[in-house]
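The values are calculated or read from the model by the stated rules, or taken from the named source; none is laboratory data. Everything numeric in this text was worked out from a predicted model, so none of it was measured. We place every Cβ from the backbone using ideal geometry, glycine too, and count neighbours over all the protein chains shown. Surface areas here come from the heavy atoms of the whole protein model, side chains and all, with no ligands, DNA or RNA. Shrake-Rupley method; radii C 1.70, N 1.55, O 1.52, S 1.80 Å.
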Amino acid sequence: MTMDLFAADDASSLPDETLAPGAMVLRGFALPYQDALWADLQRVTAEAPMRHMITPGGFTMSVAMTNCGLLGWLSDETGYRYDRVDPDSGKAWPAMPASFASLATRAAEKAGFPGFTPDACLVNRYTPGARLSLHQDRNERDKRAPIVSVSLGLPAVFLFGGTKRTDKTIRVPLQHADVAVWGGPSRLNYHGVLALKEATPHHLIGGVRVNLTFRKAA
Ligand code: MD6
Ligand code: FE
């Protein structure tokens, strides 16, 4: 049943789904957190503004990014890595807000990964046309911990494949407040995001998709 705590257009029309062993989408899981997440995100981006990083191949990423937590994910001409320092400010990344961490821990637990304590949150902002090509998340030291990925704002199509780049991919529509979790046997599965389509702005987030990706990087 639709709870009237949430705008009617935020209620997910899709069921929870297992994508592969260890990989799940929890529909609307972030709805009870959305106002806290959005307010806390404003504080994070005030301290560490979104920026377009450069790929190791020399291209500017279409997705704008920033980080919070002990470690931040970085890409530049030398490669991908985690660092405690934001290279744009020379300071530590903003602390991970409690709203972010508790959502990530509870989503992981629901997906079968109890005790997830993320030390890194990568924030991605997609404007229409922005995309993320198929990749593995493998810069994290502790591969026992899952990845928890929270979608906010405009809908997107998530691609989820197998452990080889050439494995078949499935297309998973992700809507506002859906949370994807992948770990265990799916931890190193290839994934990506198709180019974001223009759509009516979301009432809270606006005309963009924001994705929070939680990891245990250290
Ligand atoms: C997403 N993002 O935006 C998924 N992975 O739904 C990612 O998978 C991702 O944005 C590694 C580095 C940056 C990312
Ligand atoms: Fe990724």
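Looking at this structure, is PRO155 at pLDDT 95 or above and more than 16 Å from ligand 2 (Cβ to nearest atom)?
Yes; evaluated as a whole, the condition is true for this residue.
Out of region 120-159, which residues are assigned to a loop (DSSP other than H, G, I, E, B), of a type outside the set (Gly, Ala, Ser) and more than 14 Å from the chain's Cα centre (by Cα)?
Those that are assigned to a loop (DSSP other than H, G, I, E, B), of a type outside the set (Gly, Ala, Ser) and more than 14 Å from the chain's Cα centre (by Cα): THR127, PRO128, ARG138, ASN139, GLU140, ARG141, ASP142, LYS143, ARG144.
Got a sec? Which of LEU188, LEU122 is near ligand 1 (Cβ under 10 Å from one of its atoms) and at pLDDT 95 or above?
Exactly one residue qualifies, and that residue is LEU122.
I'm trying to understand the selection: among the residues of region 128-145, which are touching a residue at least 60 places away in the same chain (Cβ under 8 Å) and within 13 Å of ligand 1 (Cβ to nearest atom)?
Correct list: ALA130, ARG131, LEU132, ASP137, ASN139, GLU140.
Given the structure, is SER102 out of contact with any strand residue (DSSP E or B) (no Cβ under 9 Å at 6 or more places or on another chain) and within 15 Å of LEU74 (Cα to Cα)?
No: the conditions fail for SER102.
Yes or no: THR117 hydroxyl-bearing (Ser, Thr, Tyr), open to solvent by 20 Å² or more (accessible area, probe 1.4 Å), without any contact (Cβ under 8 Å) to a residue 24 or more places away in the chain and assigned to a loop (DSSP other than H, G, I, E, B)?
Considered against the rule, which asks whether it is hydroxyl-bearing (Ser, Thr, Tyr), open to solvent by 20 Å² or more (accessible area, probe 1.4 Å), without any contact (Cβ under 8 Å) to a residue 24 or more places away in the chain and assigned to a loop (DSSP other than H, G, I, E, B), THR117 comes out as no.
Evaluate region 97-113: report whether one residue or more is touching a residue at least 12 places away in the same chain (Cβ under 8 Å), surrounded by 13 or more Cβ atoms within 10 Å (Cβ to Cβ), among the basic types (Lys, Arg) and assigned to a strand (DSSP E or B).
no
Could we say that ARG84 is modelled with pLDDT under 95 and either of a type outside the set (Phe, Trp, Tyr) or open to solvent by 70 Å² or more (accessible area, probe 1.4 Å) (or both) here?
So ARG84 does not fit the description; no.
Among the residues of region 9-33, what is the count of those that are assigned to a helix (DSSP H, G or I), open to solvent by 30 Å² or more (accessible area, probe 1.4 Å) and modelled with pLDDT under 95?
So the answer is 1.
Which strands (runs of 3 or more DSSP E) sit wholly inside region 161-218 and have at least 1 residues that are polar (S, T, N, Q) and surrounded by fewer than 23 Cβ atoms within 10 Å (Cβ to Cβ)?
In region 161-218, 209-215 are the strands (runs of 3 or more DSSP E) which contain 1 or more residues that are polar (S, T, N, Q) and surrounded by fewer than 23 Cβ atoms within 10 Å (Cβ to Cβ).
Would you be able to tell me the number of residues in region 126-160 that are closer than 20 Å to ASP83 by Cβ and open to solvent by 50 Å² or more (accessible area, probe 1.4 Å)?
Final tally of qualifying residues: 4.
Among the residues of region 160-203, write down those that are within 14 Å of ligand 2 (Cβ to nearest atom), of a type outside the set (Gly, Ala, Ser) and within 12 Å of the chain's Cα centre (by Cα).
Listed by number, the residues that qualify are LEU174, VAL181, TRP182, HIS191, VAL193.
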